[in-house]
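Heads up: the structure comes next, in structure tokens.
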Amino acid sequence: MLYSGKITKLNIPALNDFDIQIKLTETNRSIHTHEIGLHTHSEFELYINLSGDVSFLVENNLYDLKHGDVIIARPGEYHHCVYRSDAPHKLFWILFDCNKNREILDFLKDGFRENYISPQGDLREELIDLCYALHHRSLTNEEKIYAFFRLFAILKQSKSTAPKQQSMLPHELCKIIDYIDSHILFFSNDEIIWYF
């Protein structure tokens with residue numbers, strides 16, 4: 001018996017080169033807060049917590065982190081790690097700029113509305129394994145590309161499960177940040193276009 005069905009088409013956009021930086025680090029309150037305060041940048045940042053007694057501030061929201069939790073800081077979002085004790089803190093830090101790839105940029109902006117993602121069950125450990133794979137120098141470039149996109153598939157499958165806590169920022173500073181957020185039309189590399 002012959003089967004005649006519909007043809008399914010898949011449109012895969014071409015990718016321009018973009019650099020991905022990944023760092024595995026262990027730090028503590030005195031080193032980290034001295035080096036990096038509340039900041040923003042034009043790249044996407046993924047912050048994957050492995051251990052430590054920390055919370056993470058993104059914009060006006062504070063999130064308590066446990067093993068395997070992920071913070072997504074989009075371009076232009078103020079963020080900072082907040083130490084609750086002097087315990088050592090181990091994490092993966094992934095930074096990338098995809099302004100040359102608008103399809104990926106739009107997917108990341110539209111596909112991830114939350115800053116906090118907590119993968120559940122086996123997905124949590126698979127995500128951490130993928131971070132180690134990306135960091136491992138002996139993998140081929142193709143294997144690293146697969147790991148990068150699989151990581152985002154896991155994040156897409158996962159949900160934010162933590163309630164937002166009250167911000168640690170002063171009320172007046174929160175109002176200033178909200179004003180800036182509502183008046184930036186476009187943010188890329190070193191260019192900011194304001195609208196009023």
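General observations
- The residues listed here are 80, 89; of these, the one that is in contact (Cβ under 8 Å) with a residue 24 or more places away in the chain and touching a Ser or Thr at 6+ places or on another chain (Cβ under 6 Å) is 89.
- For segment 145-158, the criterion of a residue being open to solvent by less than 40 Å² (accessible area, probe 1.4 Å), closer than 15 Å to residue 48 by Cα and not in a helix (DSSP H, G or I) is satisfied by at least one position.
- Given (1) out of contact with any helix residue (DSSP H, G or I) (no Cβ under 6 Å at 6 or more places or on another chain); (2) modelled with pLDDT of 80 or more, index of the condition residue 18 fails: (2)
- Identity of the residue in segment 103-137, of a type in the set (A, V, I, L, M, F, W, C) and not in a helix (DSSP H, G or I), that ends up farthest from residue 69 (Cα to Cα): 112
- Remark: pairs (first residue in segment 138-158, under 19 Å from residue 46 (Cα atoms) and of a type outside the set (Val, Ile, Thr); second residue open to solvent by less than 80 Å² (accessible area, probe 1.4 Å) and not in a helix (DSSP H, G or I); Cβ separation under 6 Å; 6+ apart in sequence or on different chains) = 155/117; 158/117; 158/119.
- Qualifying positions in segment 47-63 - modelled with pLDDT of 90 or more and acidic (Asp, Glu): 53
- Subset of segment 103-119 [closer than 19 Å to residue 56 by Cα and either modelled with pLDDT under 70 or open to solvent by 60 Å² or more (accessible area, probe 1.4 Å) (or both)]: 113, 114
- Among the criteria (1) closer than 30 Å to residue 145 by Cβ; (2) touching a helix residue (DSSP H, G or I) at 6+ places or on another chain (Cβ under 7 Å); (3) not basic (Lys, Arg), the one residue 78 does not fulfil is (1).
The values are calculated or read from the model by the stated rules, or taken from the named source; none is laboratory data. Quick caveat: nothing in here was measured; it's all calculated off a predicted structure. Here Cβ is always computed from backbone atoms with ideal geometry, including for glycine, and neighbour counts include all displayed protein chains. Ligands, DNA and RNA are excluded from the accessible area calculation, which covers all protein heavy atoms including side chains. Shrake-Rupley method; radii C 1.70, N 1.55, O 1.52, S 1.80 Å.
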